[in-house]
Amino acid sequence: MSPSDPREPAVTGPAATGPAVTGPDPSGPAATATAVARPRGASAAALLGSELTVLFRRRRTWAMLAALAAIPVLIAIAVRLTSSPVTPGRGPAFLDRITQNGLFVAITALIVSIPLFLPLTVGVVAGDTVAGEANLGTLRYLLVAPAGRVRLLLVKYAGAAAFCVAATLTVAVSGALIGAALFPIGPVTLLSGDTIGVGESVLRSLLIAAYVTVSLLGLSAIGLFISTLTEVPVGAMAATIVLSVTAQVLDALPQLDWLHPWLFSHYWLDFADLLRQPIDWTSFGANALLQGGYILVFGALAYGRFVTKDILS
Amino acid sequence: MSPAIASVELAIETHGLTKQFGRQIAVAGIDLAVPTGSVFGFLGPNGSGKTTTIRMMLGLASATSGEISLLGRAMPGSFRAVLPRVGALVEGPAFYPFLSGTANLRRLDTADPGAPSATRGARVQQALERVGLTHAAGKKVHAYSLGMKQRLGIANALLMPRELLVLDEPTNGLDPQGTREVRSLVRSLAAEGTTVFVSSHLLAEVEQMCSHVAVMRAGTLVAQGTLDELRGAGEAHARLDTPDAAAAAQVLERLGLTPVTAGAAAGAPGHLSAVLSAALTAGAPAPEDIVAALVTAGVRVRGFTVVGASLEERFVALTGEGFDVAQ
């Protein structure tokens, strides 16, 4: 009831706003001018940097990476502690080679992780992309900032892809380190019979890690799309993981032969060609093409859904 | 609606803004006119469509029909040009609980393509200072109280110089001191020329900070104008303090008024005193004639006042009783 000025604009309003408008105005257009002048790529890069910061400052992310790192460690220790030699053809591929060459720990661990562990962690990250922000309520603030829906979606997908890289590298690097610690390291005999040095075999391991990363990109796109459908991140995560398991089950049914080349998990384990001399890129290419198709289709679906979505969380 | 509004430039303008969820109409064709430079109170019971309107204004939800113009540009079409000039607090604060207050603000600031990264650190510090959160800047947000989160939300709206602030229930969860701080913050921003659009269901709050008010009820805009216009549209009351309650009531009834006993006043000891209140409806006689009539009839008058309508009465008249119930 005390001051009358904020309540009676008819009297003081024009007088107060008149000079005041010129106050913030210079900063307003100046700020907009910098926005226009600033290359849009730079601000998108900043947003991606921020996205990665948020992703890798989460304890959950590190817990998942730690779990992935533990897989090769478990394999290596189990093989080291077993006195009897591993029978070739039993257990995961290359398991029998570990005792002769520690470099095979990384490859074996990747093979073990591909069907479940990697899709599980990727499903968590990709399923969380949009639904997680919606659930926290931060999605509305990002959009009001304004992040722009398309830009945000692209950054979110790039973040999920970055996690795919981090996840496979974690398995590969952890495998290489524990393999080097527990087993002899030496030249590697390839599937084609040729022998390559340690340096090149490390490169081949990285190539396989790249193959596995590419394999997970299609699943990430599916996760991103599902994530735009809900405000419950756990739901999107579970649905993504269930889909990855379903695809693998379908891929194992001979009755569905016609469907197999279209399943995003079809080429997941077909990286043996990268262990030949010279490298056969056929499966890498086919896999990349298939994953690219999934990225396009589910990216478009995610776009269509997210751009028109009412953000009510 | 009023000549004062029509002649001023508008910071927010909507025409026939409608939002339908399935069969339920959340916002039914409202025409808002928020003058530039005003502190605009957006009142209404919970569930009357305030937040849905704000979501449409900011491009978070699409309108079923109608037009929105923010700072002279169409929304959501021109969001890229408009939203950097708008600071917003929408339906409570929301942050990453695992990040500190500073890290949260930095994150949301990078989402604005117009926010220069060179000044980010300084602007974040400044915004935290402005809401009094400097001491908790490094704490993770999950350790924040609701009031601190609310302050951080306001800090987020102040990261850049804004021409328009949209604050949805800004004092929610704040203690009385925090409420006062928000009020003075809004005043100081308004004094700098920022238009402030505040939604609230707290009348006292709106009455203390706003220059203009709009009232929502069940998705429709039932009133809009300056605070005084809105208050003036209500009925004034005559309050009479007298020891001769019965006689006074008779006189008032004869004058066509409907007196009600509004309580006992503190008279001199031994003197009984009653307070009568009567609404001064359109056809009521002038206050001086009422007093003359009372005195002529031998009623002893200890006090006589004409009380202007309060916003609360007007609000209840517009939205009905049962304040917090959606219609």
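The values are calculated or read from the model by the stated rules, or taken from the named source; none is laboratory data. Only a predicted model underlies this, so the values are computations on that prediction, with no experimental measurement involved. Using ideal geometry, Cβ is built from the backbone for each residue, glycine included, and neighbour counts are taken over all protein chains shown.
I'd like to verify a number: residues in segment B:283-305 that are part of a helix (DSSP H, G or I) and surrounded by 15 or more Cβ atoms within 10 Å (Cβ to Cβ), how many? Qualifying residue count for the region: 4.
Let me confirm something: among A:LEU274, A:LEU312, which residue is touching a Leu at 6+ places or on another chain (Cβ under 9 Å) and more than 25 Å from A:PHE104 (Cβ to Cβ)?
A:LEU312
Considering segment B:71-108, the residues that are of a type in the set (A, V, I, L, M) and over 25 Å from the mean Cα position of the chain (by Cα) include one that is surrounded by the fewest Cβ atoms within 10 Å (Cβ to Cβ), namely B:ALA81.
Within segment B:7-29, restricting attention to residues that are within 12 Å of chain A (Cβ to nearest Cβ) and not in a loop (DSSP other than H, G, I, E, B), the residue that is surrounded by the fewest Cβ atoms within 10 Å (Cβ to Cβ) is B:SER7.
Filtered by the rule that a residue be more than 11 Å from chain A (Cβ to nearest Cβ), surrounded by fewer than 24 Cβ atoms within 10 Å (Cβ to Cβ) and part of a loop (DSSP other than H, G, I, E, B), segment B:30-48 gives B:ASP31, B:LEU32, B:PRO45, B:ASN46, B:GLY47.
How many of the residues making up segment B:164-187 are assigned to a strand (DSSP E or B) and of a type outside the set (A, V, I, L, M)? Final tally of qualifying residues: 1.
Pairs linking a residue in segment B:81-94 that is more than 7 Å from chain A (Cβ to nearest Cβ) and in a helix (DSSP H, G or I) to a residue that is surrounded by fewer than 24 Cβ atoms within 10 Å (Cβ to Cβ) and hydrophobic (A, V, I, L, M, F, W, C), with Cβ atoms under 9 Å and 6 or more positions apart or on different chains, are B:ALA81/A:ALA35; B:ALA81/B:LEU71; B:VAL82/B:LEU71; B:VAL82/B:ALA74; B:VAL82/B:MET75; B:VAL82/B:LEU164. When you look at B:ILE68, is it out of contact with any helix residue (DSSP H, G or I) (no Cβ under 6 Å at 6 or more places or on another chain) and either buried (at least 24 other Cβ atoms within 10 Å of the Cβ) or not in a loop (DSSP other than H, G, I, E, B) (or both), yes or no? So B:ILE68 does not fit the description; no.
If you go through segment B:270-282 and pick out every residue that is of a type in the set (A, V, I, L, M), in a loop (DSSP other than H, G, I, E, B) and under 17 Å from B:GLY256 (Cα atoms), you end up with 1.
B:VAL186 fulfils the conditions (1) under 21 Å from B:GLU9 (Cβ atoms); (2) without any contact (Cβ under 8 Å) to a residue 12 or more places away in the chain except for a single criterion, (2). Scanning segment A:46-66 for residues that are more than 16 Å from the chain's Cα centre (by Cα) and touching a residue at least 24 places away in the same chain (Cβ under 8 Å) yields one hit, A:LEU47.
Out of the residues in segment A:299-311 that are in contact (Cβ under 8 Å) with a residue 60 or more places away in the chain and either in contact with an Asp or Glu (Cβ under 7 Å, 6 or more places away or on another chain) or over 15 Å from A:VAL155 (Cα atoms) (or both), state the one that is surrounded by the most Cβ atoms within 10 Å (Cβ to Cβ). If we take residues in segment A:299-311 being in contact (Cβ under 8 Å) with a residue 60 or more places away in the chain and either in contact with an Asp or Glu (Cβ under 7 Å, 6 or more places away or on another chain) or over 15 Å from A:VAL155 (Cα atoms) (or both), then A:ILE311 is surrounded by the most Cβ atoms within 10 Å (Cβ to Cβ).
Can you confirm whether B:ARG55 is on the phi < 0 side of the Ramachandran plot, in contact with an Asp or Glu (Cβ under 8 Å, 6 or more places away or on another chain) and at the interface with another protein chain (Cβ under 9 Å from one of its Cβ atoms)? Taking the combined requirement at face value, the residue satisfies it. No other residue among A:TYR141, A:TYR157 is touching a Leu at 6+ places or on another chain (Cβ under 7 Å), part of a helix (DSSP H, G or I), among the aromatic types (Phe, Trp, Tyr) and within 11 Å of chain B (Cβ to nearest Cβ) apart from A:TYR141. Just checking, does segment A:86-109 include any residue being closer than 17 Å to A:VAL165 by Cβ, more than 14 Å from chain B (Cβ to nearest Cβ), part of a helix (DSSP H, G or I) and touching a residue at least 12 places away in the same chain (Cβ under 8 Å)? Yes, that holds for at least one residue. Exactly one residue out of B:GLY114, B:GLY138 is in the same structural domain as B:SER200 (by TED's automatic domain parsing) and over 22 Å from A:PRO146 (Cα atoms): that is B:GLY138. Within segment B:201-217, being in contact with a Ser or Thr (Cβ under 9 Å, 6 or more places away or on another chain), more than 12 Å from chain A (Cβ to nearest Cβ) and crowded, with 22+ Cβ neighbours inside 10 Å holds for B:VAL215, B:MET216.
Residues in segment B:165-194 that are β-branched (Val, Ile, Thr) and more than 9 Å from chain A (Cβ to nearest Cβ): B:THR171, B:THR179, B:VAL182. Residues in segment A:27-41 include at least one that is in a loop (DSSP other than H, G, I, E, B), modelled with pLDDT under 80 and either surrounded by 13 or more Cβ atoms within 10 Å (Cβ to Cβ) or not small (Gly, Ala, Ser) (or both).
Across segment B:116-143, what is the total count of residues that are part of a loop (DSSP other than H, G, I, E, B) and more than 8 Å from chain A (Cβ to nearest Cβ)? Qualifying residue count, segment B:116-143: 6.
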